[in-house]
Amino acid sequence: MLATSILEEHEQAVGASKSFKLKSSKLLQHMKRLRKSKNESSAKLLEDEHLQADVKISYIDVGSETDHPVLNIQDFLRMLGQCGQLDVLTGGLDLFKACQEFWHRYSEEDKSHPVFTVHADHLNRCVPMCVYADEGQSHKKTSFMVLATQPVIGKGTLASLKRPGAESEMGANMAGSSLITRFVFSCMSSTLYSKKPEVFDKLANELATQLDAGFKDGISVLYGGDETTLYPVVLYTKGDWPILKRLGALNRTHPQAIANLSESKGVCHLCMAGTEKYPDWHQCHQASWMCPESISDPRPPWSQQTLFTQLLARSPSLWGKTWLYRPDLFHTVHKGVCAELTGSGFATLDSSN
């Protein structure tokens, strides 16, 4: 779709005949035809043009009829090293310097994180990352799940990039093309897991297992022509409430509370607001496990921990474990609260007329 849009805009600007003189004209025309015939998933064109990343596709048993394809974390990082692209893990900044500076700053937030004891003498090779998952739709309106990793360090935000010298500063991983800021682990059609949720759970468990192995044993890669070992460190997982519930087997979330108002199980996995002890939903601060009022009797928001909570390195407190599952700002605000408020505003304006 992107290639089609570029080609059509160029044709409108200079004319179709001149567009044929582009070095990439043959490729763009081919991609445009794939778009019209709805065969965009065809990878043969990218292979023929040597535009496909040379990363091994592995297959794992998830309990479906056939093994499921994944891009193993170690294979992906090794591919980046072989291509001389490991600095995309830190927004283009020097990998070692950026990681060292990040952990220096992060120590002010959470000194109890295991990275400061397990990898104290090589923090410059510990790459802060997060796990991202979301359910989207294909062109044929079929739901599918995307499971990916995302570096924490990036180029910044659109606002921060306006500051002088921002290109040399360490920023959040929000600006820039998603092709070099989000790294797919695997995608899965909902037809595989909608009636058998354990199928997706096995896929998620594989990712958690690989990330745990990377943290403990490291991954050997090439950087600057030399062999070195990197250690991926997952600080959090993010997504909308349904995917957080699935990844953490959470039994206390906002959607569940809305559906079962009379049961008082709580509204959030990060505090005890909405429970019998704190029935007022607005008592989030008093009910937080970081506050003395509720820390004496916290109730874990799960009956059994998933491998994400069991394996991924976290601070030992219950708060440290639950803070692994963080509501995504995009889903909470842009597609959540603000979307509802905007819709209500339109409805109010319409009724007033």
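Springs between alpha-carbon atoms under 10 Å, Gaussian network over the chain: tell me which of Gln85, Gln305, Gln137 tops the mean-square fluctuations.
Gln137
If the cut-off is a Cα-Cα distance under 26 Å, which lysines reach Lys216, setting aside same-chain residues fewer than 8 apart in sequence?
By straight Cα distance, Lys216 reaches Lys56, Lys97, Lys111, Lys202, Lys238, Lys321.
What distance in nm separates the two pseudo spin-label positions at Glu276 and Glu169, each 7 Å out from Cα along the beta-carbon direction?
The modelled label-to-label distance comes out at 5.1 nm.
Which lysines, on any chain, are close to Lys277 with Cα under 18 Å apart, when same-chain ones fewer than 8 places away are left out?
In chain and number order, the partners are Lys265.
Contour minus end-to-end for Asp94 and Leu22, with contour as 0.36 nm per residue of separation and end-to-end as the Cα-Cα distance?
Gain on extension, Asp94 to Leu22, equals 22.5 nm.
Bin width 20 Å, origin at 0, all Cα-Cα pairs of the chain: what percent of pairs per bin?
Bin by bin from 0 Å, the calculated values are 24, 55, 21, 1.
List the trypsin sites (Lys or Arg not before Pro) within region 62-133 that DSSP assigns to loop and that have no more than 12 neighbouring Cβ atoms inside 10 Å.
Counting only loop positions with at most 12 other Cβ atoms within 10 Å, the trypsin sites (Lys or Arg not before Pro) in region 62-133 are Lys111.
Under a crude label model (7 Å from the Cα following the beta-carbon direction), how far is Gln150 from Glu227 in nanometres?
Spacing of the two 7 Å Cα→Cβ label points: 3.5 nm.
At q = 0.13, 0.16, 0.18 Å⁻¹, what is the base-10 log of I(q)/I(0) for region 54-239 according to the Debye formula with one equal point scatterer per Cα and no solvent? Please give it to two decimals.
At q = 0.13, 0.16, 0.18 Å⁻¹ the computed log10 ratios are -0.72, -1.04, -1.25.
Under a straight-distance cross-link criterion of Cα-Cα below 25 Å, which lysines are reachable from Lys18, leaving out those fewer than 8 residues away in the same chain?
Filter leaves Lys26, Lys32, Lys36.
How far apart, in nm, are the 7 Å Cα→Cβ label points at Ala339 and Ser58?
Simple spin-label model gives 3.4 nm for this pair.
Bear in mind that the values in this text are calculations on the coordinates, not laboratory data. These figures come from a predicted structure and were not determined experimentally. Note: ideal-geometry Cβ built from the backbone for every residue, glycine included; neighbour counts use all protein chains shown.
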